[in-house]
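Below is one structure, written out as structure tokens; comments come after it.
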Amino acid sequence: MAITQFGDFVRILRIKNHEKMGDMALKLKVKVPFLSAVENGKKNVPEDWFEKISTLYNLDLSGKSELEKAIAASKTQVKCDLTNSDLKQRQAALAFARSFKDMDEDTAKRIISILEGDN
């Protein structure tokens with residue numbers, strides 16, 4: 001089973017604090033299987049966990065930055081709100097979603113460059 005960057009981060013955090021997964025789950029007010037699913041990338045990291053973990057484990061700026069990066073790198077799903085989108089924006093979003101799993105690295109880099117304005 002693949003561990004996400006978030007999973008690595010919280011496992012190290014638990015070791016440093018002499019905790020087991022059950023201890024952390026209790027602090028986060030979730031069940032152990034849910035925490036495990038998040039660590040293994042089967043579920044996204046809940047949005048409020050950045051603040052909870054930062055506070056519960058008294059993370060310094062470096063720790064918070066590392067946690068933020070780990071959460072971002074561990075996302076398994078992204079939702080896109082198309083509520084106020086026009087037809088072309090919807091078509092672009094759907095075309096991207098359809099072709100995403102077959103996209104090569106060069107295409108991904110070109111799209112990122114376009115979206116970031118690095119023509």
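The values are calculated or read from the model by the stated rules, or taken from the named source; none is laboratory data. The shown structure was predicted, so the numbers you read here are calculated from the model rather than taken from an experiment. Note that we place each Cβ from the backbone using ideal geometry, even for glycine, and neighbour counts take in every protein chain shown. With ligands, DNA and RNA removed, areas are computed over all heavy atoms of the protein, side chains included. Shrake-Rupley method; radii C 1.70, N 1.55, O 1.52, S 1.80 Å.
When you look at Ala37, is it in contact with a Lys or Arg (Cβ under 6 Å, 6 or more places away or on another chain), outside any loop (DSSP other than H, G, I, E, B) and free of Cβ contacts under 8 Å to residues at least 60 places away in the same chain, yes or no?
yes
I'm checking my understanding of the structure. Among residues of the stretch 1-23 that are within 20 Å of Lys75 (Cβ to Cβ) and either without any contact (Cβ under 8 Å) to a residue 40 or more places away in the chain or open to solvent by 70 Å² or more (accessible area, probe 1.4 Å) (or both), which one is nearest to the chain's Cα centre (by Cα)?
That would be Gln5.
Mind checking which pairs have a first residue in the stretch 95-114 that is on the phi > 0 side of the Ramachandran plot and a second that is at pLDDT 90 or above, Cβ under 6 Å, 6 or more apart or different chains?
Nothing qualifies.
Select, from Lys69, Lys64, Lys52, the only residue that is open to solvent by 80 Å² or more (accessible area, probe 1.4 Å) and of a type in the set (Lys, Arg).
Lys69
Say whether the condition of being under 29 Å from Leu94 (Cβ atoms) and of a type in the set (A, V, I, L, M, F, W, C) is met by at least one residue in the stretch 19-32.
no
The rows are residues; the columns are (1) under 30 Å from Thr55 (Cα atoms); (2) in a helix (DSSP H, G or I).
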residue	(1), (2)
Lys69	yes, yes
Gln77	yes, no
Ser85	no, no
Ala93	no, yes
Arg98	no, yes
Thr107	no, yes
Arg110	no, yes
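Can you find a residue that is modelled with pLDDT of 95 or more, exposed (fewer than 14 other Cβ atoms within 10 Å of the Cβ) and not aromatic (Phe, Trp, Tyr) anywhere in the stretch 24-32?
yes
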